[in-house]
Ligand SMILES: CC(C)(COP(=O)(O)OP(=O)(O)OC[C@H]1O[C@@H](n2cnc3c(N)ncnc32)[C@H](O)[C@@H]1OP(=O)(O)O)[C@@H](O)C(=O)NCCC(=O)NCCS
């Protein structure tokens, strides 16, 4: 597995990941998302946005993004999102992506706080985050729609002092 910065040529693979069953439900994805939407997202990443992908045999099987807040007084805080191809889950891809992006956050950006939201029943993701030092700070009630239900989300964060 190779972990590297995202490229514009990854848009089709990333779009497939975002919209596939087993990923879309838990990342606020929509079946209608177009490759051009993903291309625009990649193109619009700024120098304060850090996106890495995991590649196996030339195909992108996972991605993680760390986005530093644009508010000057939150400049040591970043939001994080992650996804792994449904056929490649539970093979260590997610942990490798998290380790790479948290090394960036800790040692190359020296962020104080990395935060994320996760559906309260997304046990694999919650377990991964907890194992990497994230704690649950609170619950957002009725935070987002998933398949006909308003779902609660945990707000989780990891601090480095
Ligand atoms: C959550 C996700 C990123 C984990 O990636 P992954 O590559 O499957 O995870 P890994 O194989 O690296 O496993 C890392 C840890 O995650 C946890 N985990 C992963 N799959 C799990 C499962 N099915 N049940 C319980 N824990 C699980 C475990 O703590 C695991 O560590 P362990 O293998 O030492 O027990 C992946 O399942 C995914 O993309 N899910 C769909 C999208 C999503 O939910 N994104 C996060 C939105 S907040």
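Of the residues making up segment 64-84, those that are away from the ligand (no atom under 12 Å from the Cβ) and either part of a loop (DSSP other than H, G, I, E, B) or more than 19 Å from residue 11 (Cα to Cα) (or both) are 68, 69, 70, 71, 72, 73, 74, 75, 76, 77, 78. Would you check which residues across segment 85-114 are outside any helix (DSSP H, G or I) and either out of contact with any helix residue (DSSP H, G or I) (no Cβ under 9 Å at 6 or more places or on another chain) or loosely packed, with under 14 Cβ neighbours inside 10 Å (or both) and list them? Across segment 85-114, the qualifying residues are 90, 91, 92, 109, 110, 112. Taken together, the residues in segment 13-28 that are touching a helix residue (DSSP H, G or I) at 6+ places or on another chain (Cβ under 8 Å) and without any contact (Cβ under 8 Å) to a residue 24 or more places away in the chain amount to 2. On the given criteria, is residue 118 under 20 Å from residue 53 (Cβ atoms) and either part of a loop (DSSP other than H, G, I, E, B) or under 15 Å from the mean Cα position of the chain (by Cα) (or both)? Criteria not met by residue 118.
Taking segment 93-111 as the range and being within 7 Å of the ligand (Cβ to nearest atom) and touching a residue at least 40 places away in the same chain (Cβ under 8 Å) as the test, the residues that pass are 93, 96. Go through the residues of segment 16-28 one by one and say whether even a single one is farther than 29 Å from residue 139 by Cβ, within 15 Å of the ligand (Cβ to nearest atom) and under 16 Å from the mean Cα position of the chain (by Cα). Checked against the condition, which is being farther than 29 Å from residue 139 by Cβ, within 15 Å of the ligand (Cβ to nearest atom) and under 16 Å from the mean Cα position of the chain (by Cα), segment 16-28 yields at least one hit. The set of residues from segment 46-58 being under 14 Å from the mean Cα position of the chain (by Cα) and either in a helix (DSSP H, G or I) or touching a residue at least 24 places away in the same chain (Cβ under 8 Å) (or both) comprises 50, 51, 52, 53, 54. Residue selection: residue 153 satisfies the criterion of being assigned to a strand (DSSP E or B) and surrounded by 13 or more Cβ atoms within 10 Å (Cβ to Cβ).
Taking segment 42-63 as the range and being surrounded by 14 or more Cβ atoms within 10 Å (Cβ to Cβ) and more than 16 Å from the ligand (Cβ to nearest atom) as the test, the residues that pass are 42, 45, 49, 50. Could you check, for segment 123-139, whether at least one of its residues is in a loop (DSSP other than H, G, I, E, B) and more than 9 Å from the ligand (Cβ to nearest atom)? Yes, because at least one residue in segment 123-139 is in a loop (DSSP other than H, G, I, E, B) and more than 9 Å from the ligand (Cβ to nearest atom).
Quick note: the coordinates plus some simple rules give every number you see, no bench work behind them. Note that this is a predicted model, so its numbers are computed, not measured. As a convention, Cβ positions derive from the backbone with ideal geometry for all residues, glycine included, and neighbour counts pool all protein chains shown.
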